[in-house]
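Asker: This is the structure, below, for whatever I ask next.
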Amino acid sequence: MSTLNRKAWGDLTRHRPRTLLAVCTLSIAIASLGFLAVPALLNAAMNRQIAGSHLYDVGIFTSTLDLSPAQLGALGRLPGVAAVSPAVGYATTAASAAGPQDVELAGTALASAPVNTVALFTGQMPGPGEVLADAGNARATGFAIPSGGTIDVRAAGGRLVRLRVSGTGMNLAATPGANGSTTPVFYAQTATVQALRGVRGYNYLGFRLTHDAAAAQSRVVAEVRAYLTAQTGADPITALPAVRAPGQWPGQSGFNQIMALLYIITILAFASALFLISATMNTLVAEQASEIAILKTLGGRRRQIAGITVRTAAMLGAAAAVLGSILGIAIAYLLAGYFAVKLIDVSFGFAISVPVVVASLVLGPALAVAASVPALRRALGQPVAETLARAVTSGYGSGWLDRLVARSGLLAGAGVPGSVRMGVRNALRQKRRSAATIAQVAVAAGLAIAFLALGQSITAVISQTIGKLHFSIGVGVASTRGARPFGSQALAVAATTPGITGAEPVETSSVQYNGQTYVAWGLGAHPLYSYRLSAGHWFTTAHTAADAGTAIPPVVLGPALARAARASVGQILTLSVAAGPTRVRVIGIDTVPTNNGDTVYFPLPVLERLDGGPGTANSIWLTTASTAHTAIDRAATAAANRLAAAGYPVSTTEIYITEAQITAADTAILTIVDILGLVVVAIMLMGLVSTLSMGVIERTREVGILRCVGARARQIRRVFSAEAVVLAVAGWAFGVLLGWLIYQGLLTLLLHDASISLPQEFPPVIPLVTLAGVVVLTVIVIRGPLRRATRIEPGTALRYQ
Amino acid sequence: MTGIAAAPAIVELAGVEKTYRSGRVAFRALSGVDLSIAAGEMVAITGPSGSGKTTIINLIAGIDRPTAGTVTVHGSRLDQMTEEQLAVWRGHTIGIVFQFFQLMPTLTAVENATLPLDLARFGPVRERKAVASRHLATVGLGDRGDRLPLELSGGEQQRVAIARAMACGPPILLGDEPTGNLDTALARDMFELLKGLNGNGTTVVYVTHDQALAGLASRIVSVRDGLIVGDTGR
């Protein structure tokens, strides 16, 4: 090993704790790159799942069609169709200890279906009179029945039929977690579901296409519609076809929203760590200023001297890269696995994103070297004599700020202990490093403030949306599954149920605009929903009369759709509904972010007609005499039973439960983001520890002197604590501003990428809570360096080089 | 030899050995030193580089601990005290002046001179600055109190260091090459200051390798290879 190499190695091993700290810091930055691997890993895993489960490209909901094998064969031979698989869905209830439980049964060819294949996880495929429980039921719906257990399902005739659970499995198209549903799903043989429904035939057709581009999908939908209309004499399509964009998978939109936040965190974590590593390398080089000067006097050329530092930095970076890559692989694996289970309910095998690992290994040494360059340039540019002279003095006092602080009388008051004064002024000694530390604390505090404010906004939006719904129970039929829609008889049955004080028929459906799907609600002139219009007006009684006839029906747009369509009152839009394209006139624009603002409000009879069931709605909103949860539960059960007895199998939704579920889901997402935000906080803490540790190392002699002039351990502690608290509080102050900016960025991002409009919520208590957190964390993390400072023996300190 | 030698010993080193260890390497700095210094003496410790003279000063200050033997200063057995006890003890008993001044760079001259008073909580808070200012005036820096160390010359910094050492009015003042970084004229001035303090009853012990400066002391202790090889006070 050459002398220069030996010196590079020696420089690294000279202060082992500091080297270790620098390696740890850089490795955390490198590890945060692991976040970038998560989407790729998850996409790869999902693509495997999609291929394995032969996920549909186009799904078409129909009225019940008793298709023959020949007709199914003909559908499979339509241009652009690679495979077709029919299924029958049945929405009903199952008996449970807590009362009737909504369930969905899907009758398909199971494992042999060429589209939407059901994968078996445990047990065996269901035989006649058996069902396979979806693996996501337990987590997404809380309704778990083990293999070998039984489930009592209400058949169309009203009787309960006992079915044995043969095992667990999953179909990506139906699994509740990935599809944002809270209704448990069970798979069965087609005949089993048809027997329960009491009707032969299918009500869903899943297609895989030879080309999955949007145009090809539209062509296939048109071909299928034409073929089925020709076969049955009427258009049997009951809802907007479900089309899956190339590469898209169920649950992806939710995942993308979280990833957008994750990328922000990655950038902040990386930037924060860069500050830190830059400060570390700066100190490392600055400490060697006199050695660099000596090397110059010995005839060392700039390149040779720079080479030593570059080698030291590269070695440090390489160690951090290896450690960080291992950490990053673990983080990516755990995170991708967590999202796979949390969002989609699929298992996730171990995988590595090679490009991210390679980038991590290269970036470690590169960053360390790059971070050392500015300090190295400064050190190499210093005149030798000046550098050697400075070796015995401190640079403090050469700047105007130092002198100003010293003479201004700041902290010179009788009440301020000398140790505190020293600590505060020490923060000014290494200005660049202090600035870097302040920046890191600012990033961490800013993130905390932004996320806390985001949480407040989400809480506010829940109350702003759910609070606008003035009913306690939603009763629904799945019209696409062939159940009877609600007419006046059903409405009367529901309204006269004990505990129910009012009933309003509502049509819920979906429409498309510009390729995007939006929720459609058909409401009356005075609905149980408090709209808040920014322009135009709500429907009049003339609009909502049963015989209302306008060539271009009126609509009120939710805020997100209004923004997306740049709509104004009086504008004509063309929306796609189940029956095809239809023109509507915008008469009002709502500001309530119901369904994320993605809602189109129609007059009730208009949407009923567009959905193919004039005079019949698919939902009823019920108000109750009491707002107590038990009273609402009782009324919901009674209404469901009475409607079922009258021939209307229904599902019920209690609004208070929906609110709790939304809150829980939002809390879960915020928890994920908060946990990841902790990585940035960890880097910030490393920054503080690093700054203080380096301060202690650099000032070892000073600590010795202080000990010599009678300083006790707690006085030494106070010097460094004051410095740390000053840096932390300064960081927090910048963090408040940064936090507000990040918060605004997050709101804009959510609005832009996810069309989620959240209200501004930035109460002063959030910065104050963050300040308390920053100070407490600071006091905790500096304990290590403080212990080191107070353990220094004066004799050793004075001999320290 | 002065008449003061008959006074009671304020510093007593008995059979002191000191070995420094750095990894596997051991360096024996003192090999059985017996030294007694009476209150009010002015003692110069001389010897070549690496002879152990700074180690003796460090042991008297409680900065280092003996490997063997006992160190008794101002009635306290330093080798039996904890670091914390030693720090408090030093604040009241010892003033130290170093070769490279070792001022706190972030504190002004007067703040440096006040520091030991603050650390020892010596007297009312408001009076400490007045005491420190008086000491600065004594060393001729009454008008430079608001200057940071970097703004002072070497001689001025050493005067601040002496003012700091005088802060609590310690009975013993130690100097480790206190003029080693000053020119001859400044060094002489500095010794005048030390002699003045000694004249007021302060025991002064200093290390120097300059025989001329050593000659200004009332007693010279010569050290070589960790042993006392000469003592004009014996």
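Asker: Note the full-extension length gain between A:Ile662 and A:Ile267 as 0.36 nm times their separation in residues minus their Cα-Cα distance, in nm to one decimal.
Answerer: 139.3 nm
Asker: How high is the FRET efficiency from A:Ala733 to A:Gln571, r the C-beta distance, R0 51 Å, rounded to 0.05?
Answerer: Numbers: r = 48 Å, r/R0 = 0.93.
The formula returns an efficiency of 0.60 here.
Asker: So for the pair B:Arg188, A:Ser181, with labels modelled 7 Å out along Cα→Cβ, what separation do we get in nm?
Answerer: Distance between label points: 10.3 nm.
Asker: Pull up the DSSP beta bridges for the protein assembly as shown and report the antiparallel fraction as a percent, rounded to 5. Don't skip to the end; give the middle numbers.
Answerer: Details: 90 of 127 bridges.
Approximately 70 percent, going by the DSSP bridge assignments.
Asker: Take peptide B:142-149, look around each residue's Cβ out to 10 angstrom, count Cβ atoms belonging to other protein chains, and average those counts. Intermediate values should be presented prior to the final figure.
Answerer: Details: counts 0, 0, 0, 0, 5, 4, 10, 4.
Mean partner shielding for this stretch: 3.
Asker: I'd like the FRET efficiency for A:Ala638 and A:Thr541, computed as 1/(1 + (r/R0)^6) with the beta carbon distance as r and R0 of 35 Å, rounded to 0.05. Don't skip to the end; give the middle numbers.
Answerer: On the way: r = 31 Å, r/R0 = 0.89.
E between A:Ala638 and A:Thr541, to the nearest 0.05, is 0.65.
Asker: So what is the relative contact order for segment A:478-649, in percent, with contacts set as C-alpha pairs under 8 Å and at least six apart? Mind dumping the intermediate values first?
Answerer: Working: 339 pairs, mean separation 61.0, N = 172.
It rounds to 35 percent for segment A:478-649.
Asker: Which percent of Cα pairs goes in each bin when the distances of chain B are cut into 10 angstrom slices starting at zero?
Answerer: 8, 33, 36, 20, 3, 0
Asker: For chain B, what's the relative contact order in percent, using C-alpha pairs closer than 8 Å and at least 6 residues apart? Please report the intermediate quantities before stating the final value.
Answerer: On the way: 485 pairs, mean separation 68.5, N = 234.
Computed over chain B, the figure is 29 percent.
Asker: If contacts are Cα pairs under 8 angstrom and at least 6 residues apart, what is the relative contact order of segment A:56-243 in percent?
Answerer: Values: 436 pairs, mean separation 67.5, N = 188.
After rounding, I find 36 percent.
Asker: What dipole magnitude, in Debye to the nearest 20, does segment A:478-649 give about its Cα centre under +1 on Lys/Arg Cβ and -1 on Asp/Glu Cβ?
Answerer: Dipole size: approximately 160 debye.
Asker: So what are the ³J(HN,Hα) numbers for segment A:88-98, from phi and the Karplus equation (6.51, -1.76, 1.60; θ = phi - 60°), rounded to whole Hz, Gly and Pro as x?
Answerer: 10, x, 9, 9, 8, 10, 10, 6, 9, 4, 8
Asker: I want to check the label-to-label distance for B:Glu17 and A:Ala222. Put each point 7 Å from Cα in the C-beta direction and report it in nm to one decimal.
Answerer: Those two pseudo-labels are separated by 10.4 nm.
Asker: What does the charge count near A:Gln456 come to, summing +1 for each Lys or Arg and -1 for each Asp or Glu among other residues with Cβ under 13 Å from its Cβ? Kindly include the intermediate steps, with their values, before the conclusion.
Answerer: Numbers: positive: none; negative: A:Asp666, A:Glu761.
Spelling it out: positives minus negatives among the neighbours equals -2.
Asker: Evaluate the charge dipole of the protein assembly as shown about its Cα centre and quote only its size in Debye, nearest 20, assuming +1 on the Cβ of each Lys and Arg and -1 on the Cβ of each Asp and Glu. If you can, show how the numbers build up before the last one.
Answerer: Values: 80 positive and 57 negative charges, 483 e Å.
Here the protein assembly as shown has a charge dipole of around 2320 debye.
Asker: Alpha carbon centre of segment A:593-615 versus segment B:58-87: separation in Å?
Answerer: 90
Asker: Given points 7 Å out from each Cα along the Cα-Cβ axis, report the A:Gln304 to A:Val779 separation in nanometres with one decimal.
Answerer: 5.4
Asker: Follow-up question, since we're still on this one. Hey, can you grab everything whose amide H is under 5 Å from the amide H of A:Leu55? Only 5+ residues off in sequence or another chain; H modelled, so Pro and N-termini drop out.
Answerer: Result for A:Leu55 returns A:Asn116.
Asker: Using a ≥ b ≥ c from the Cα gyration tensor of segment A:56-243 (square roots of the eigenvalues), is it rounded, prolate or oblate, where a/c under 1.5 gives rounded and otherwise the larger of a/b and b/c decides, a/b for prolate? It would help to have the intermediate numbers written out before the result.
Answerer: Working: a/c = 2.05, a/b = 1.68, b/c = 1.22.
Prolate, since a/c reaches 1.5 and a/b exceeds b/c.
Asker: Translational diffusion coefficient of the protein assembly as shown at 25 °C, 0.890 mPa s, Stokes-Einstein with Kirkwood Rh over Cα pairs, in µm²/s as a whole number. Working shown, then result.
Answerer: On the way: Rh = 35.0 Å.
In µm²/s, the coefficient rounds to 70.
Asker: Also, quick follow-up: Identify the trypsin sites (Lys or Arg not before Pro) of segment A:546-603 meeting these criteria: DSSP loop state and at most 13 other C-beta atoms within 10 Å of the C-beta. Each step should come with its number before you reach the end.
Answerer: Details: sites: A:Arg563, A:Arg566, A:Arg583, A:Arg585; in loops: A:Arg566.
For trypsin sites (Lys or Arg not before Pro) across segment A:546-603 that sit outside H, G, I, E and B with at most 13 neighbouring Cβ atoms in 10 Å, the list reads A:Arg566.
Asker: In whole Å, what is the distance between the alpha-carbon centres of segment A:463-524 and segment B:165-234?
Answerer: What the calculation gives is 99 Å, centre to centre.
Asker: Now a separate question. What dipole magnitude, in Debye to the nearest 20, does segment A:56-243 give about its Cα centre under +1 on Lys/Arg Cβ and -1 on Asp/Glu Cβ?
Answerer: Details: 11 positive and 10 negative charges, 48 e Å.
Here segment A:56-243 has a charge dipole of around 220 debye.
Asker: Which whole number gives the average, over all residues in A:700-706, of C-beta atoms from other chains lying within 10 Å of the residue C-beta? Spell out each step's value before the answer.
Answerer: Values: counts 0, 3, 5, 0, 3, 9, 6.
Average per residue, whole number: 4.
Asker: Quote the FRET efficiency, to the nearest 0.05, computed for B:Lys195 versus B:Thr232 with a Förster distance R0 of 22 Å and r equal to the Cβ-Cβ distance.
Answerer: On the way: r = 17 Å, r/R0 = 0.76.
According to the calculation, E is roughly 0.85.
Asker: In straight Cα distance, which aspartates and glutamates are under 15 Å from B:Lys53, not counting same-chain residues fewer than 8 positions off?
Answerer: Straight-distance partners of B:Lys53: B:Glu17, B:Asp34, B:Asp64, B:Asp176, B:Glu177, B:Asp210, B:Asp225, B:Asp231.
Asker: Which of A:Ala51, B:Thr93, A:Ala560 sits closest to the plus end of the dipole of the protein assembly as shown, meaning its Cα is farthest towards the positive end, when Lys and Arg get +1 and Asp and Glu get -1 on the C-beta?
Answerer: Towards the positive end, the residue furthest out is B:Thr93.
Asker: State the extension gain, in nm to one decimal, for the chain segment bounded by B:Asp146 and B:Val125, taking 0.36 nm per residue of separation less the distance between their alpha-carbons.
Answerer: On the way: separation 21, 0.36 × 21 = 7.56 nm, distance 1.83 nm.
My answer for the length gained is 5.7 nm.
Asker: Suppose we look only past 18 Å in the calculated P(r) of segment A:435-506. What percent of the Cα-Cα pairs does that tail hold? Before the final figure, lay out each step's value.
Answerer: Values: 1670 of 2556 pairs.
Counting every Cα pair in segment A:435-506, those more than 18 Å apart make up 65 percent.
Asker: As I understand it, the dipole of the protein assembly as shown uses +1 on the Cβ of Lys and Arg and -1 on the Cβ of Asp and Glu, about the Cα centre. Which of B:Ser76, A:Val38, A:Phe734 lies farthest toward its positive end?
Answerer: After comparing all options, I get B:Ser76.
Asker: Can you compute log10 of I(q)/I(0) for segment A:478-649 with the Debye formula, treating each Cα as one identical point scatterer, at q = 0.13, 0.19 Å⁻¹?
Answerer: For the requested q values the scattering log ratios are -0.66, -1.21.
Asker: Filter the trypsin sites (Lys or Arg not before Pro) in segment A:113-191 to those in DSSP coil with at most 13 other Cβ atoms within 10 Å of their Cβ, and list the result. Can you show the working numbers first?
Answerer: Details: sites: A:Arg139, A:Arg154, A:Arg159, A:Arg162, A:Arg164; in loops: A:Arg159.
Answer by residue number: A:Arg159.
Since every read-out is calculated from the coordinates, none of them should be taken as a lab result. Keep in mind the model is a prediction, meaning the values are calculated, not measured. Virtual Cβ from ideal backbone geometry, glycine too; neighbours counted across all protein chains shown.
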